Structures are given as C-alpha cells and as structure tokens.
Amino acid sequence: MSDETNENSAPERVIGTPATAPAGKVLVADDEAGPAAVSFELDERKAKKAERIVATLFLLAFAASVGFMVYFIGWSGRDGGMHGIDRAQESNLWLGGLMTLAFLALAAGVTVWFRRLMTSVPIEQERHDLATDEATRASFARDFQQGALDSGFTKRPLLRRTLLLAAAPLGLAPLFLLRDLGPLPEKRLRSTWWGDAVEKAKAEGKKGVRIVVDGTNAPLKASDFNSPGGMITVLPEGIHEEGEEALTLIAKASTILVNIEPDLIKPVKGRENWTVNGIIAYSKICTHVGCPAALYEQTTHRILCPCHQSTFDATDGAKVVFGPAARALPQLPLGVDDEGYLIATGDYPEPIGPSFWERG
Ligand code: FES
C-alpha cells in the first residue's frame with residue numbers, strides 16, 4: 001500500500017480516542033475551555049421508544065407494590081389472624097415475590113432511563129478549599145440545570161409521573177409491614193388479675209383478695225412477714241385456677257412484697273394507707289423492658305432489675321434511682337382482712353411493665 005493512500009485514509013481509532021459522530025447524529029459542541037467531552041444528541045424516535053419502556057417498567061413497579069399491599073390486607077389474613085403460620089409459605093411467596101418484582105421493575109426502569117435517555121458528558125471540576133466565587137456558583141447552577149435537562153426529568157413528564165407513581169406505594173409498604181408487629185394491646189395491658197380478683201372478693205362481701213405466696217399458694221398474714229428487710233413474691237388467691245390463661249395472668253400479676261421500717265417510707269400522695277406496718281407491694285415487672293425486678297438490697301431498700309441494672313427506691317414509691325427504666329414500679333394497695341391476712345384492696349392504678357403505644 002502506498003504512502004499517499006495512507007495519508008487520505010482516516011486514522012485508526014485507538015482506545016481513548018473520542019469517537020466520531022455516527023451518520024445522522026449531531027455532535028454536541030464541547031466547551032472549548034473545558035475538558036474534552038463526547039456526547040450525542042438523542043435520536044428522538046428511539047428516545048420515545050425508550051421512554052415508553054421506562055414508563056411501562058415504572059407502571060409495573062407500581063402495580064406490584066399495590067398488589068403487595070392488597071394481598072397483605074385482603075388475602076394473607078383471610079383465615080383469621082394476621083399471617084397464620086400454616087400459611088407462611090404462601091404468604092412469603094406472594095409478599096416476597098411482589099416486593100421483589102416492584103424493586104426489580106423500578107431498578108430496571110431507572111437503568112434503562114440512564115443508559116438510553118441520558119447523554120454522557122465528562123465533567124471535570126477542581127476542588128476548592130474555600131467558598132467558590134460568584135462565577136463558579138453560577139457555572140455550577142448552569143451545569144446542574146443542564147444535568148436535569150440531560151436526565152430527561154424535566155422534559156419528559158411521562159417518566160417523571162410514572163416514577164413518582166411507582167415510588168409512592170413502595171414508600172408506604174413499610175407501614176403495612178409494621179402491622180406484623182401484631183394487634184394493638186388496647187385495654188388488655190391496663191389491668192391485671194388483681195383487679196378481677198378484688199372485684200370478685202368484694203362481690204362476696206370481702207374487703208379485698210387475699211395475697212398468697214408464689215409457689216406455695218399459702219395465704220400470708222401480716223404477722224408472718226413482720227421483720228424488716230425481707231422480700232417475697234406473691235400472687236392473688238385463686239389465680240392458679242385459671243387454666244390456659246394462668247401463665248399469662250401469673251406473669252402480669254407477679255408482685256413483690258418488701259418490709260421496711262415504717263418511719264423510712266416516704267408518703268406518696270393518695271397512697272398513705274396502701275402499706276401495712278411497713279409492708280409495701282410493687283409490681284415485679286420492670287418498667288424498662290419487663291424483666292422480673294427480683295433483687296432486693298435490704299440495707300439500701302433498693303429493688304434491682306438484673307437485666308439492665310435499673311434500680312428503684314422501695315422507700316420512695318419505687319422511683320427510678322438508676323438505670324434505663326423511665327417509670328417507677330407500680331404500687332399495689334394493701335390492707336388486712338378481719339383475720340389478719342394481707343389483702344389487695346384494688347388493682348394497680350396504672351399499667352404494669354414496659355411502656356406501649358397506647359399507654360396514656
Ligand atoms: S428490663 Fe429491667 S432494667 Fe431492663
């Protein structure tokens with residue numbers, strides 16, 4: 001081949017050489033002061049086709065996430081309960097499949113949008129230590145607006161609307177998943193078996209329900225618990241007769257009795273007659289996250305929860321003196337019946353245990 005022929009032919013393109021514009025495409029002029037950049041105007045016919053594909057994918061994402069919510073509300077609990085364990089496989093398949101489809105369609109739509117509808121312009125920007133000058137900020141604003149134009153977000157309303165449509169239900173989906181935390185407790189956590197037992201005892205003409213020692217179910221006389229410093233766990237009489245519910249009732253009603261020198265007890269307004277000769281009763285369920293607060297330090301009169309070291313002052317309405325618990329242990333009103341047995345004269349005046357959403 002001659003030298004003349006070589007001079008007339010186009011130089012061979014090697015990696016790193018900017019491409020030339022193919023036939024029918026217009027090369028976007030580079031900024032002369034800026035770095036070398038290559039970009040092609042979009043073929044509007046192909047762009048429209050890509051736009052339709054992206055919009056379809058976004059609509060598919062929308063349909064899948066709506067399907068997720070509809071299935072969650074309408075079908076997954078149709079046999080009673082939220083998601084019965086017997087239907088876990090079906091439920092996982094539908095919920096997982098629809099959510100996956102929604103995310104995949106959204107991701108595919110965004111990918112097609114980026115690859116087929118956005119031009120590619122390399123931008124080089126120098127870093128500055130201090131605030132940039134006015135001209136640089138204006139240049140940035142121009143570049144930003146140009147970026148928005150290049151992305152098609154501003155000039156392609158179909159894509160913008162379908163993207164928002166697809167993203168909206170996906171944003172709501174986590175709210176539906178919160179339902180899996182179970183039904184709201186409503187009034188069930190507001191009272192314990194003490195309330196029912198006291199009511200029943202009063203209906204029989206008694207002053208309250210007798211207190212029995214946990215484990216032996218023996219009723220307890222005030223005179224049997226007469227030395228300061230001790231602590232015992234007690235329950236309302238009759239609770240062990242409650243069949244299947246017994247364990248739940250026992251857990252909620254579990255109460256500690258402590259005996260403190262009466263002079264040391266700080267009076268709490270409205271509870272002046274809730275103690276018997278220094279015997280005072282508090283819920284055993286820690287107000288932090290519900291462990292049994294079952295340790296008692298008789299020299300300091302502190303009740304301790306072993307889980308996270310919340311410490312309550314038994315002489316001062318079981319107020320928190322240390323640890324993560326936010327509330328005092330609820331106090332149970334005590335009395336004695338005609339035979340000298342310790343009785344509870346009412347339920348706890350507030351919900352026992354940790355806080356919950358509906359707690360006032
Ligand atoms: S549960 Fe008692 S301190 Fe955490």
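The values are calculated or read from the model by the stated rules, or taken from the named source; none is laboratory data. Please read these numbers as outputs of a predicted model, since none were measured by experiment. A quick note on method: Cβ atoms are made from the backbone with ideal geometry, for glycine too, and the neighbour counts reach across all protein chains shown. When the accessible area is computed, the model is the full protein with side chains, heavy atoms only, and any ligands, DNA or RNA have been set aside. Shrake-Rupley method; radii C 1.70, N 1.55, O 1.52, S 1.80 Å.
Could you list all residues from region 72-93 that are surrounded by 17 or more Cβ atoms within 10 Å (Cβ to Cβ) and at pLDDT 85 or above? Answer for region 72-93, where residues must be surrounded by 17 or more Cβ atoms within 10 Å (Cβ to Cβ) and at pLDDT 85 or above: there is none.
I'd like the full set of residues that are of a type outside the set (Val, Ile, Thr), within 15 Å of the ligand (Cβ to nearest atom) and open to solvent by 10 Å² or more (accessible area, probe 1.4 Å), limited to region 340-356. Within region 340-356, PRO354, SER355, PHE356 meet the criteria.
Whether a residue is at pLDDT below 95 and within 18 Å of VAL258 (Cβ to Cβ) was assessed, and ILE352 passes this test.
Could you please find all residues in region 240-268 being of a type in the set (A, V, I, L, M), open to solvent by less than 40 Å² (accessible area, probe 1.4 Å) and within 16 Å of the ligand (Cβ to nearest atom)?
Here is the first cut: in region 240-268, the residues of a type in the set (A, V, I, L, M) are 246-247, 249-251, 253, 256-258, 260, 264-265, 268.
So of that shortlist, the ones also open to solvent by less than 40 Å² (accessible area, probe 1.4 Å) come out as 246, 249, 253, 256-258, 260, 265.
Selection gives ILE256 alone.
Restricting to region 274-300, and then to whatever is surrounded by 21 or more Cβ atoms within 10 Å (Cβ to Cβ) and assigned to a strand (DSSP E or B), can you tell me which residue is farthest from the ligand (Cβ to nearest atom)? Residue satisfying both the conditions and the ranking: ILE279.
Taken as a whole, the condition of being touching a helix residue (DSSP H, G or I) at 6+ places or on another chain (Cβ under 8 Å), modelled with pLDDT under 95 and polar (S, T, N, Q) does not apply to ASN273. The numbered conditions (1) of a type outside the set (Gly, Ala, Ser); (2) surrounded by fewer than 18 Cβ atoms within 10 Å (Cβ to Cβ); (3) free of Cβ contacts under 8 Å to residues at least 60 places away in the same chain are all true for ARG271 except (3).
Would you mention how many residues in region 304-339 are farther than 23 Å from ARG210 by Cα, more than 10 Å from the ligand (Cβ to nearest atom) and part of a strand (DSSP E or B)? The total comes to 3.
With respect to ALA201, determine if the residue is under 26 Å from TRP357 (Cα atoms) and either among the small types (Gly, Ala, Ser) or not in a helix (DSSP H, G or I) (or both). Considered against the rule, which asks whether it is under 26 Å from TRP357 (Cα atoms) and either among the small types (Gly, Ala, Ser) or not in a helix (DSSP H, G or I) (or both), ALA201 comes out as no. The single residue among ARG190, ARG210 that is outside any helix (DSSP H, G or I), at pLDDT 80 or above, open to solvent by 80 Å² or more (accessible area, probe 1.4 Å) and among the charged types (D, E, K, R) turns out to be ARG190.
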